[in-house]
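Below you'll find the structure, written out as structure tokens, and then a few comments.
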Amino acid sequence: MQNKIIIFRNLGLEHWLTTVHKMNNFTILRNLYTLDEVWFVEHYPIFTQGQINKEKNIIFPNNISLVNTDRGGQITYHGPGQQIVYFLINLKRRKISIRQIIDIMQKIIIETLDHFSIKSYTKKKYPGVYVHKKKICSLGLRVKKGSTLHGLALNVNMDLTPFNYIYPCGDVNIKMTQIKDFNLSIQLMDIQKILIQKISKFLGVTMINGKDKKNK
């Protein structure tokens with residue numbers, strides 16, 4: 001029954017460290033009967049460096065904080081107007097692999113963008129989602145106790161300038177884009193509604209328990 005229910009939470013705008021602290025505590029305390037959760041959040045400006053730590057990926061930090069994280073991948077930027085989705089999913093209970101959950105996350109984004117008539121695609125060996133040869137969504141996961149932490153970051157309506165201060169995902173050739181470049185009218189709330197539909201579809205959810213984490 002636990003696999004049929006996901007709790008969706010909208011955390012609003014939070015500091016990255018605040019959210020990560022809550023996410024780690026949730027994972028440490030969860031047990032076999034803990035329901036999976038998906039958190040929607042925006043972060044204040046911050047660079048996060050994955051486990052593949054390469055200082056040469058930083059061109060100019062420009063007074064934006066840089067933190068090291070235990071997720072996979074390399075460096076990226078988070079800021080207001082970017083829809084971050086954290087997946088706190090028990091892979092063992094759902095009998096899916098880390099490779100499968102990455103594929104699912106990418107399909108969720110592709111179908112969400114397609115809903116808004118934005119055609120996107122993936123690249124082999126390069127996790128994430130792309131539009132017109134530019135990256136619109138980055139992925140980074142960590143598995144602990146058989147469950148995932150972290151998730152994806154979809155650029156919606158944000159200031160992309162800080163991406164120029166780094167080599168996103170450690171690739172000097174990557175250029176970033178966002179939904180705003182293709183449709184000015186789409187808001188984060190619009191994106192969240194479709195994301196919930198697509199997440200429910202790909203994870204086989206029939207019951208949704210939506211709460212605001214701050215009011216728990």
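The values are calculated or read from the model by the stated rules, or taken from the named source; none is laboratory data. Since the model is a prediction, treat every value here as computed from it, not as a measurement. Cβ atoms come from the backbone with ideal geometry, glycine included; neighbour counts cover every protein chain shown.
Overview of results
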{"read-out": "Given (1) surrounded by fewer than 18 Cβ atoms within 10 Å (Cβ to Cβ); (2) under 17 Å from the mean Cα position of the chain (by Cα), index of the condition residue 180 fails", "value": "(2)"}
{"read-out": "Enumeration of residues in segment 175-197 that are of a type outside the set (D, E, K, R) and not in a loop (DSSP other than H, G, I, E, B)", "value": "176, 179, 188, 189, 191, 192, 194, 195, 196, 197"}
{"read-out": "Members of segment 154-176 that are surrounded by 18 or more Cβ atoms within 10 Å (Cβ to Cβ) and either of a type in the set (Lys, Arg) or more than 14 Å from residue 76 (Cβ to Cβ) (or both)", "value": "156, 157"}
{"read-out": "Residues of segment 122-173 satisfying the condition of being among the basic types (Lys, Arg) and within 15 Å of the chain's Cα centre (by Cα)", "value": "135, 142"}
{"read-out": "Hits in segment 106-123 (condition: among the β-branched types (Val, Ile, Thr) and part of a helix (DSSP H, G or I))", "value": "108, 109, 110, 112"}
{"read-out": "Strands (runs of 3 or more DSSP E) contained entirely in segment 1-105, each with at least 1 residues that are out of contact with any Ser or Thr (no Cβ under 7 Å at 6 or more places or on another chain) and farther than 30 Å from residue 159 by Cβ", "value": "5-14, 36-43"}
{"read-out": "Residues satisfying the stated conditions in segment 65-77, i.e. crowded, with 17+ Cβ neighbours inside 10 Å and either polar (S, T, N, Q) or more than 19 Å from the chain's Cα centre (by Cα) (or both)", "value": "69, 74, 76"}
{"read-out": "Out of 151, 204, sole residue that is among the small types (Gly, Ala, Ser) and either assigned to a strand (DSSP E or B) or crowded, with 20+ Cβ neighbours inside 10 Å (or both)", "value": "151"}
{"read-out": "Identity of the residue in segment 11-33, polar (S, T, N, Q) and either surrounded by fewer than 16 Cβ atoms within 10 Å (Cβ to Cβ) or in contact with a Cys (Cβ under 6 Å, 6 or more places away or on another chain) (or both), that ends up farthest from residue 205 (Cα to Cα)", "value": "18"}
{"read-out": "Any hit, segment 142-150, residues being closer than 17 Å to residue 82 by Cβ and hydroxyl-bearing (Ser, Thr, Tyr)", "value": "no"}
{"read-out": "Check on residue 81, in contact (Cβ under 8 Å) with a residue 60 or more places away in the chain and more than 23 Å from residue 173 (Cα to Cα)", "value": "yes"}
{"read-out": "Segment 1-27, residues that are within 20 Å of the chain's Cα centre (by Cα) and without any contact (Cβ under 8 Å) to a residue 60 or more places away in the chain", "value": "14, 15, 17, 18, 20, 21, 25"}
{"read-out": "Residue check, residue 185 small (Gly, Ala, Ser) and at pLDDT 95 or above", "value": "no"}
{"read-out": "Residue count, segment 124-140 (criterion: touching a residue at least 40 places away in the same chain (Cβ under 8 Å) and either buried (at least 19 other Cβ atoms within 10 Å of the Cβ) or in a strand (DSSP E or B) (or both))", "value": "10"}
{"read-out": "Sole residue being of a type in the set (A, V, I, L, M, F, W, C), out of contact with any Gly (no Cβ under 7 Å at 6 or more places or on another chain) and in a loop (DSSP other than H, G, I, E, B), chosen from 172, 143", "value": "172"}
{"read-out": "Options 52, 75, 58, 64; residue that is more than 30 Å from residue 33 (Cβ to Cβ), modelled with pLDDT under 95 and touching a Pro at 6+ places or on another chain (Cβ under 6 Å)", "value": "64"}
